[in-house]
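What follows is a set of notes on a single structure, which appears directly below.
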Amino acid sequence: MQLPYLFIFPLLLAAASDALVQDFCVADLSLPAGPAGYPCKKSASVTVEDFFYHGLTTPGSTKNKVGAGFAAAFDAQFPGVNGLGVSISRLDLEVGGLVPIHSHPSAAELVLVAEGTLTFGFISSYDNKVYIKTLNKWDVMVAPQGLLHFAINTGNTTVLAFASFSSQNPGIQTTPLALFKNDFPTDLVAKTTFLDVEQVKKLKALLGGTN
């Protein structure tokens with residue numbers, strides 16, 4: 001059955017309204033970012049180097065509490081992705097290293113394991129079901145936008161993985177840091193998490209929180 005012309009025409013207009021009105025919007029890092037990202041550089045000053053990034057060749061330091069190193073290619077590091085809704089990062093994990101439970105409010109995350117064994121999982125929001133899979137070299141898994149997820153090196157060698165995002169800047173909120181690395185009053189943390197006060201104090205001391 002053919003759709004009436006008057007029905008198709010608004011659909012075409014809607015599709016056209018979502019199309020890019022310019023080829024790209026390379027980030028002007030000399031200006032502050034806004035809700036839609038960085039302002040565009042003037043086209044006359046854009047070069048091929050804006051669309052190239054070499055920063056993922058060097059691993060982030062894993063000399064920290066969680067044994068995880070992170071190197072990002074978001075809009076602030078890689079101006080060419082500004083406005084394109086894509087970005088990528090590198091993850092290095094020591095044996096036993098982990099990425100604590102966190103979420104990206106602005107993006108889904110696609111993880112590719114290049115070396116090692118990585119246990120990756122996320123938690124659904126509607127029934128709190130946990131989806132966990134152990135990934136080996138060249139395995140891929142996705143975490144939907146905004147959902148809590150985590151990664152642990154459960155193998156016997158270091159892990160090298162790459163995470164792609166459906167945003168130029170996915171944002172991040174790490175649950176342990178949000179609860180214990182600030183001045184959120186201990187008694188309120190205990191009450192809202194069902195933890196005892198002494199456990200909250202211990203976690204605040206570990207992660208640098210106060211109050």
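What do you reckon, is Ala36 open to solvent by 80 Å² or more (accessible area, probe 1.4 Å) and at pLDDT below 95?
Considered against the rule, which asks whether it is open to solvent by 80 Å² or more (accessible area, probe 1.4 Å) and at pLDDT below 95, Ala36 comes out as yes.
Leu118: more than 27 Å from Gly55 (Cβ to Cβ) and modelled with pLDDT of 95 or more, yes or no?
no
When residues of the stretch 133-145 are filtered for being among the hydrophobic types (A, V, I, L, M, F, W, C) and open to solvent by 100 Å² or more (accessible area, probe 1.4 Å), how many remain?
Counting residues in the stretch 133-145 that are among the hydrophobic types (A, V, I, L, M, F, W, C) and open to solvent by 100 Å² or more (accessible area, probe 1.4 Å) gives 1.
Name the pairs whose Cβ atoms lie under 8 Å apart, with the first residue in the stretch 190-211 and among the β-branched types (Val, Ile, Thr), the second open to solvent by 50 Å² or more (accessible area, probe 1.4 Å) and part of a helix (DSSP H, G or I), and 6 or more positions between them or separate chains?
Val197/Asp187
Evaluate the stretch 47-54: report whether one residue or more is touching a residue at least 60 places away in the same chain (Cβ under 8 Å), open to solvent by less than 70 Å² (accessible area, probe 1.4 Å), outside any strand (DSSP E or B) and closer than 20 Å to Ser87 by Cβ.
No, the stretch 47-54 has no match at all.
I'm told Glu109 meets every condition in (1) closer than 30 Å to Leu84 by Cα; (2) among the acidic types (Asp, Glu); (3) open to solvent by 40 Å² or more (accessible area, probe 1.4 Å) except one. Can you identify the failing condition by its number?
(3)
So Asp127 clears everything in (1) modelled with pLDDT of 90 or more; (2) under 25 Å from Thr62 (Cα atoms); (3) of a type outside the set (Ser, Thr, Tyr); (4) open to solvent by 70 Å² or more (accessible area, probe 1.4 Å) except one condition, right? Which one?
So the condition that Asp127 fails would be (2).
Name the residues in the stretch 112-124 that are touching a strand residue (DSSP E or B) at 6+ places or on another chain (Cβ under 6 Å) and open to solvent by less than 50 Å² (accessible area, probe 1.4 Å), would you?
Result: Val113, Ala114, Gly116, Leu118, Thr119, Phe120, Gly121, Phe122, Ile123.
In the stretch 56-73, what count of residues is obtained for those that are open to solvent by less than 30 Å² (accessible area, probe 1.4 Å) and either at negative phi or touching a Ser or Thr at 6+ places or on another chain (Cβ under 7 Å) (or both)?
Number of matching residues: 7.
Suppose we filter Val200, Val159, Val99 for residues that are over 20 Å from the mean Cα position of the chain (by Cα), under 19 Å from Lys65 (Cα atoms), buried (at least 21 other Cβ atoms within 10 Å of the Cβ) and β-branched (Val, Ile, Thr); which single one remains?
Being over 20 Å from the mean Cα position of the chain (by Cα), under 19 Å from Lys65 (Cα atoms), buried (at least 21 other Cβ atoms within 10 Å of the Cβ) and β-branched (Val, Ile, Thr) holds for just one of Val200, Val159, Val99, which is Val200.
The values are calculated or read from the model by the stated rules, or taken from the named source; none is laboratory data. Quantities reported herein were computed from a predicted structural model and do not represent experimental measurements. So basically every Cβ, Gly included, is an ideal-geometry build from the backbone, and we count neighbours across all protein chains shown. Only protein heavy atoms, including side chains, enter the accessible area calculation; ligands, DNA and RNA are left aside. Shrake-Rupley method; radii C 1.70, N 1.55, O 1.52, S 1.80 Å.
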